[in-house]
1. If ALA79 satisfies all but one of (1) at pLDDT 90 or above; (2) of a type outside the set (Val, Ile, Thr); (3) over 16 Å from the mean Cα position of the chain (by Cα); (4) surrounded by 17 or more Cβ atoms within 10 Å (Cβ to Cβ), what's the number of the condition it fails?
2. Looking at (1) open to solvent by less than 50 Å² (accessible area, probe 1.4 Å); (2) at pLDDT 80 or above; (3) part of a helix (DSSP H, G or I); (4) not polar (S, T, N, Q), find the lone condition where PRO85 falls short.
3. Might you let me know whether region 135-147 holds any residue that is open to solvent by less than 60 Å² (accessible area, probe 1.4 Å), under 19 Å from MET60 (Cα atoms) and not in a helix (DSSP H, G or I)?
Amino acid sequence: MKKKAEPESRVISEKRLIHETHRVAARLLVSAVGRPSICPGVLSQLRDFVVTVLRDHHEMEASLLWPRIMATGPEAKYAVAELTPEHARLLTTLERLSGIDLMDRGKTGRSSTQGDFRHELNEVALEVHDSLDAYLKRQETILFPALQSDITLSQWDTFFDRLTTSLPGKWMGGYRGMVM
């Protein structure tokens, strides 16, 4: 007789939703870069959203979730350590993305400058998208079982509340509005 799969916890359901939001935002940025009708100011806002939300999320994970998971034993420490190279790659690509000056480059109006600016932004946005996707897939495989078994609803709520309140005001309701 087959054992019934345990239902997915609220922690995992909400974490999946957050991850999908990150993926959608990264895809949206890549898509928007390829549309000349979208002005540099709008691209800058979208880029800033992607960078801010991903950085804040990863900082909160590193300070609130991963230490709790790693405290459960050596296997958990090893699992978190396995993600370190992909996490570092994602942070490096986010730094590159945040370093692109969209406003000055978009003001000249010359097509060659616009093309160069969009080409560079597209290249780096694709890197962020790809590294984010690889990191999240690996994280979901490696750490979701630990989140399911080792993080209490109270600990998750603390993480989630700190995450949503750490976001700048114009984006603060984003996560909370998704799951309420």
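1. It is condition (1) that ALA79 fails.
2. The single condition PRO85 does not satisfy is (1).
3. First, pick out the residues of region 135-147 that are open to solvent by less than 60 Å² (accessible area, probe 1.4 Å): 135-136, 139-140, 142-144, 146-147.
Still in the list and also under 19 Å from MET60 (Cα atoms): 135-136, 139-140, 142-144, 146-147.
Next, only the ones that are not in a helix (DSSP H, G or I) stay: none.
No.
One line per residue, one yes/no per condition, for (1) modelled with pLDDT of 85 or more; (2) hydrophobic (A, V, I, L, M, F, W, C):
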site: GLY109; (1), (2): no, no
site: SER112; (1), (2): no, no
site: PHE117; (1), (2): no, yes
site: GLN139; (1), (2): yes, no
site: PHE159; (1), (2): yes, yes
site: THR164; (1), (2): no, no
site: MET172; (1), (2): no, yes
site: TYR175; (1), (2): no, no
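The values are calculated or read from the model by the stated rules, or taken from the named source; none is laboratory data. Values in this document were obtained by computation on a predicted structure and should not be read as measured data. Glycine gets a Cβ as well: all are built from the backbone with ideal geometry, and neighbour counts include every protein chain shown. For the accessible areas, the whole protein counts, side chains as well, though only heavy atoms, and no ligand, DNA or RNA atoms are used. Shrake-Rupley method; radii C 1.70, N 1.55, O 1.52, S 1.80 Å.
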